[in-house]
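Trainee: Starting off with a structure, shown below.
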Amino acid sequence: MNTHSVALDTGIVSATRTEALKAALIAAVLGIGLVFLTGFAHSLVLHNGAHDTRHALSFPCH
Amino acid sequence: MIQRVLKAGFLAGLVVGLAIAVLQQFTTSQLILQGEVYEKAGHDHHAAGNSPALPIVLVHGSGSSTAAAESEEEEDEGWQPANGWQRVTATSVATVATSIGYGLILIAVLLAAGVLIVPRTALAWGIAAFAATSLAPALGLSPELPGSAAAPLVARQIWWVATALCTAGGIFLLARIEYTTAKIVGLLLILLPHLVGAPKAATFKSTAPAELAAQFAATSLVVSAVLWMLLGLAVGYAWHRLEPRQNRGVVAT
């Protein structure tokens, strides 16, 4: 393996890493959004609909 | 990559969420319904000044009495799912959505940490997530039945989120960073929310019997533990199954 191919490999690895971090960020935002809606949102409809889930999964409720 | 991440998180969360929704109906939901009978009786007793027998009417049901409507905390409570299929459906949808949300967060964290995602590793991270989102918050804010006394909601929510973040960060430093200083900081982070203390109500006012409340707290923790363990396994499995074909057979160690 010469220097060129090592540099190429490293480039591929860092590109994959950037892509993974981007995907992780999107997943995290979506995931936190969902958990916020079911576990934390103060909207009456969301609270009442998710009431039993909030109690069951020990989110603060009422 | 993005598609694989979202698909794996969604599928794992969906399957586990459905399983937990069924488990809840036989465990926590039953206890909540029982707790509400006492909560309702407490309201009626307070409103009428005399309660000869426990009325079997649920406080969240559609047929609430005028006595309950007039009691201290009953303001306009908006739409509520009626007991029966409406409530079962609403709870199941909320549980599945929470499970998908947790699944996406778990994958995000595993990717960000650069961990090889297989059922074994995802299970270990799932157990750590259980400690962060259920065990540690439960030490300050026990899972409670409806009708329990509690401090203002926003204060408890802030403490819950802070505790989950501190515990998760602490476990990460303890388990993944080799420096002694990092491990000490990790330990302090885990202890910090409990040294600050959770917001507490000034008095106790639970209407449910202590046995029921204790059973609920323990059951809730078990349900959360099952959720996170299944979610870890499912995320690891789904991630592996959704691997692009050309990479199959390449086993990383």
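Trainee: Which residues does the label zone of B:HIS194 cover in the stretch B:138-173, counting backbone N under 11 Å from a point 7 Å along Cα→Cβ?
Mentor: What the label zone holds, given the 11 Å backbone N cut-off, is B:138-140.
Trainee: Still on this structure: To the nearest 0.05, how large is the calculated FRET efficiency for B:ARG241 and B:GLN25 if R₀ is 22 Å and r is the Cβ-Cβ distance? Walk me through the intermediate numbers first.
Mentor: On the way: r = 29 Å, r/R0 = 1.30.
E(calc), rounded to 0.05, equals 0.15.
Trainee: Here's a follow-up. Over the Cα atoms of the stretch B:145-215, what Rg and Dmax result, in angstrom?
Mentor: When restricted to Cα atoms, the stretch B:145-215 yields Rg and Dmax of 16.3, 49 Å.
Trainee: How do B:150-163, B:192-205, B:15-28 rank on mean C-beta neighbours within 10 Å, highest first? Walk me through the numbers on the way to the answer.
Mentor: Details: B:150-163: 16.9, B:192-205: 12.7, B:15-28: 20.2.
Final packing ranking: B:15-28, B:150-163, B:192-205.
Trainee: Hey, can you rank A:45-56, B:211-222 by average C-beta count inside 10 Å, highest first?
Mentor: Working: A:45-56: 22.8, B:211-222: 17.4.
The packing order, highest mean first, is A:45-56, B:211-222.
Trainee: Then there's this: Can you compute the modelled spin-label distance between B:LEU135 and A:PHE36, with each label point 7 Å from Cα toward Cβ, in nm?
Mentor: Taking the simple label geometry, B:LEU135 and A:PHE36 are separated by 2.9 nm.
Trainee: Between A:LYS22 and B:PHE204, how high is the FRET efficiency from 1/(1 + (r/R0)^6) when r is the Cβ-Cβ distance and R₀ = 41 Å? Nearest 0.05. Intermediate values should be presented prior to the final figure.
Mentor: Numbers: r = 49 Å, r/R0 = 1.19.
The pair A:LYS22/B:PHE204 has a calculated efficiency of 0.25.
Trainee: Average partner chain C-beta neighbours within 10 Å, per residue of B:140-153? Please list the in-between numbers first.
Mentor: Details: counts 0, 4, 1, 8, 5, 1, 5, 1, 3, 1, 3, 1, 1, 6.
For peptide B:140-153, the averaged partner shielding equals 3.
Trainee: Moving to a separate point now. By per-residue mean of other Cβ atoms within 10 Å, what is the highest-first order of B:126-133, B:180-187?
Mentor: Values: B:126-133: 22.0, B:180-187: 13.6.
In descending order of packing, they fall as B:126-133, B:180-187.
Trainee: Could I ask something else about it? Evaluate peptide B:13-22: per residue, the Cβ atoms of other protein chains within 10 Å of its Cβ; return the mean as an integer. Show your work: numbers first, answer last.
Mentor: Working: counts 2, 0, 0, 0, 1, 0, 0, 3, 2, 0.
If you average over the peptide's residues, the count of other-chain Cβ atoms is 1.
Trainee: OK, next. Setting aside same-chain residues fewer than 8 positions from A:LYS22, which lysines have a Cα under 28 Å from its Cα?
Mentor: The reachable lysines, counting only those whose Cα sits under 28 Å from A:LYS22, are B:LYS7.
Trainee: Let me ask something else about it. Considering every residue in A:34-46, what mean count of other chain Cβ atoms within 10 Å of its Cβ is obtained? Let's see the in-between values first.
Mentor: Numbers: counts 12, 9, 2, 4, 10, 9, 5, 0, 3, 1, 5, 5, 2.
Going residue by residue through A:34-46 and averaging, the value is 5.
Trainee: Next question, about the same structure. Sort out for me the Cα centre separation of the stretch B:139-172 from the stretch B:7-30, rounded to whole Å.
Mentor: Taking the Cα centre of the stretch B:7-30 as reference, the centre of the stretch B:139-172 is 22 Å away.
Coordinate-derived values only; no laboratory data. These numbers were taken from a predicted model, which means no experiment stands behind them. In this analysis, Cβ positions are derived from the backbone assuming ideal geometry, glycine residues included, and neighbour counts consider all displayed protein chains.
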